[in-house]
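Undergrad: Here it is: the structure, laid out below.
Coordinate-derived values only; no laboratory data. The structure presented is a predicted model; accordingly, all values stated were derived computationally and were not measured. Every residue, glycine among them, receives a Cβ derived from its backbone with ideal geometry; neighbour counts consider all protein chains shown.
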Amino acid sequence: MVKLVVEDNVDHILQEIMQVDYGEHNLLIYSDLIALNEIYSQYFKTRLESNKEIILFLSTYQNIDHVRGILRDAHLEVARYEGDGSLIIVDSVKGYFGSDIDVLSLVKILSKRAQNQGTNGCCVFADMGSFYVCGKVRELLGYEASMPLKFDPYHIGGSLIRCKAFCSYHQKDFDRLAEDEKQSLFQHHYRNLIADIRNT
């Protein structure tokens, strides 16, 4: 199943995100950083405060301290959740191209931790802008094509993974792709969510 959803309202796109099942590899295109901030801050708050998920956020266009500030403004106890390991915020460039962090290995660890803590699983919001920043768009397309639409039964490299993933793209980055590249990304994600929320 490949599903395309275009929404111009944060509440509507959040409803779609809440329906995502574990194992899904999804695409989220956001119109601007204000829209992204609203989406991730509300989703993280809902899931963390209800002890539903462990959250991994790989941010490209906002540094980690700025992300923490956005979450604090949403009245989320950032220090508490980072302290207990249920919220992990990583610089996306370091996550994908740094020598000290491997994203898939980290996802395996967090999935195991979620099982041990009795939560539903883990959720990854990964801003793919890091591939643009590092001039690795060709590698990005290969990386996305290598991932299944749905991990069934949630396996990565022989490990049981109970995780949902959102590969997030700034609309301006997505627009830089050729039409066949855009279609390839749509075809390699289970759900294609477009948050067309214009903030002027």
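Undergrad: Report the longest stretch of the chain that contains none of the trypsin sites (Lys or Arg not before Pro) sitting in a DSSP loop with at most 13 other Cβ atoms within 10 Å.
TA: Result, exposed sites excluded: 1-175.
Undergrad: Between Ser105 and Glu49, how many nm apart are label points set 7 Å from Cα along the C-beta direction?
TA: 3.6 nm
Undergrad: Would you check the range 3-195 for Lys pairs whose C-alpha atoms are within less than 15 Å, ignoring same-chain pairs closer than 8 in sequence, and give me the count?
TA: Close lysine pairs under the 15 Å cut-off: 9.
Undergrad: Next question, about the same structure. Starting from 0.36 nm per residue, how many nanometres of slack lie between Asn63 and Glu139 once their C-alpha separation is accounted for? Present the calculation step by step, with values, prior to reporting the outcome.
TA: Details: separation 76, 0.36 × 76 = 27.36 nm, distance 2.33 nm.
The Asn63-Glu139 span can extend by a further 25.0 nm.
Undergrad: Taking 0.36 nm per intervening residue step and subtracting the Cα-Cα distance, what contour gain separates Ala74 from Leu33 on full extension?
TA: Details: separation 41, 0.36 × 41 = 14.76 nm, distance 1.52 nm.
The span from Ala74 to Leu33 would gain 13.2 nm if fully extended.
Undergrad: Further, regarding this structure: How big is Rg to Rh over the range 1-107, alpha-carbon atoms, Rh as the Kirkwood inverse-mean-distance radius?
TA: Across the range 1-107, the Cα-based Rg/Rh ratio is 0.94.
Undergrad: Given H placed on each backbone N at 1.01 Å, which residues far from Ile54 in sequence or on other chains put an amide H within less than 5 Å of it?
TA: Gly121, Cys122, Cys123
Undergrad: Looking at the square roots a ≥ b ≥ c of the eigenvalues of the Cα gyration tensor of the range 47-200, which shape do they give, rounded for a/c under 1.5, prolate if a/b is larger than b/c, or oblate?
TA: Working: a/c = 1.67, a/b = 1.23, b/c = 1.36.
Oblate, because a/c is 1.5 or more while a/b does not exceed b/c.
Undergrad: As an exercise, identify the GluC sites (Glu not before Pro) in the range 31-126 lying in DSSP coil whose Cβ has no more than 15 other Cβ atoms within 10 Å. Present the calculation step by step, with values, prior to reporting the outcome.
TA: On the way: sites: Glu38, Glu49, Glu53, Glu77, Glu82; in loops: Glu77.
Qualifying residues, ordered by number: Glu77.
Undergrad: Here's another thing I want to ask about it. Residues with amide H under 5 Å of Val5's amide H, sequence separation 5 or more or different chain, H placed in the peptide plane at 1.01 Å from N; which?
TA: Excluding prolines and chain starts, which carry no amide H, the hits are Asn192, Leu193, Ile194.
Undergrad: Sticking with this one: Quick one: length gained pulling Asp11 to Asp180 fully straight, 0.36 nm per residue minus the C-alpha distance?
TA: Here the answer is 57.8 nm.
Undergrad: Label the range 2-48 by shape, choosing from rounded, prolate and oblate, from the square roots a ≥ b ≥ c of the eigenvalues of the Cα gyration tensor; if a/c is under 1.5 it is rounded, and otherwise prolate applies when a/b is larger than b/c, oblate when it is not. Please list the in-between numbers first.
TA: Working: a/c = 1.71, a/b = 1.12, b/c = 1.52.
Note, shape of the range 2-48 comes out oblate.
Undergrad: For the charge dipole of the chain, defined by +1 on Lys and Arg C-beta atoms and -1 on Asp and Glu C-beta atoms about the Cα centroid, which residue among His75, Leu33, Val124 has the Cα displaced farthest towards the positive pole?
TA: Farthest towards the positive end: Val124.
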